[in-house]
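The values are calculated or read from the model by the stated rules, or taken from the named source; none is laboratory data. None of the values given here were measured: they were computed from a predicted structure. In this analysis, Cβ positions are derived from the backbone assuming ideal geometry, glycine residues included, and neighbour counts consider all displayed protein chains.
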Amino acid sequence: MDYIYESLRTDWQAFLSFSPKLIYALVVLILFAMLARVLGNLTGRVMQRSDRLRTNERYVRRLVTWTMRIVGLVFALGVMGFKGLAASMLATGGVVAIVLGFAFREIGENLLAGIFLTFSRPFELGDLIKSGELTGTVRSIDIRSVHIRTADACDVFVPSAQIFRQELYNFTRDGLRRPSFTVGVAYQDEPERVVEALNKAARSVEDVLPQPRAFTSVQSLADGWIMYEVFFWVDITISRRDLVGVTNSVMIACWRALCEAGMTFSTDVTTALDIQSVPPVRLAEKPANG
């Protein structure tokens, strides 16, 4: 019984001598927890003010919060005298990170690429981009992948590393697009008149920008026709129609202008022949001579 009492008394004395360090460690944990919350909220508010950073506000805020909490835990262990344990935790964490990095190399690569894309921001939500052979509209941006919706309504989740490695085309970063199309017109029609008619028709379409001005160039002199290419500009951020609708209107306007000018045009004008029908011949019976 005396042994048990002596053991309890010794443990109690040890606890009393250790309690100040424990209190200091709790204070450190509480202070770092509060600091983590304040910094996380501050980071979120700052990112909410920027359209470029708003989409990744939640991820960055949580990253800042948990980083400060881990730092607070390491400091608390050091205050309690467990400096070796804190150092071993950091070392173990580094070793585990290296092992996991080799084991899950693709996941780690996508995470790092996602972080780089978060801060470089080559595209935003709603942008029309092309990465490799894939073209579509950005629906969401995650750390591991980017959600792209193609023109045929297919949802594709592209790994961030794939977008980061390949060349990236952003068609809508400033909203300005320059569509074009070609049309073949017969050699018998004067090129000056053709260019003038196509330019006038393209510039008259609503939603086609007056500046830069639409223009037509002679693309090539083919065997049976002259190929013309019509260029025009559209700002999709202010246009009331999408790019396909504006392009269709321009093509219809050019078709109507060529038709009204009496020009021969087709994808292959050698087959665009004007067939004129022969006027009907009336036969009259010759009156019989008396």
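Scanning the range 1-45 for residues that are modelled with pLDDT of 65 or more and loosely packed, with under 10 Cβ neighbours inside 10 Å returns a single hit, Ile4.
Each residue in the range 110-168 was checked for being surrounded by fewer than 14 Cβ atoms within 10 Å (Cβ to Cβ) and small (Gly, Ala, Ser), and 6 of them qualify. On inspection, Thr172 fails the criterion of being at pLDDT below 85 and farther than 21 Å from Ser239 by Cα.
Of the set (1) farther than 21 Å from Glu260 by Cβ; (2) under 25 Å from the mean Cα position of the chain (by Cα); (3) of a type in the set (Val, Ile, Thr), all apply to Thr247 but (1).
Does Arg139 satisfy being closer than 30 Å to Leu63 by Cα, among the charged types (D, E, K, R) and not in a loop (DSSP other than H, G, I, E, B)? Yes.
Scan the range 160-203 for residues that are touching a Lys or Arg at 6+ places or on another chain (Cβ under 7 Å) and farther than 14 Å from Arg213 by Cα and jot them down. Scanning the range 160-203 gives Ser160, Tyr169, Phe171. Of all positions in the range 204-224, none carries a residue that is in contact with a Gly (Cβ under 8 Å, 6 or more places away or on another chain), modelled with pLDDT of 90 or more and within 14 Å of Ser266 (Cα to Cα). Restricting the range 204-236 to residues that are touching a residue at least 40 places away in the same chain (Cβ under 8 Å) and of a type in the set (A, V, I, L, M), the residue that is farthest from Thr247 (Cα to Cα) is Ile226.
The test for being assigned to a strand (DSSP E or B) and closer than 25 Å to Gly136 by Cβ does not hold for Phe164.
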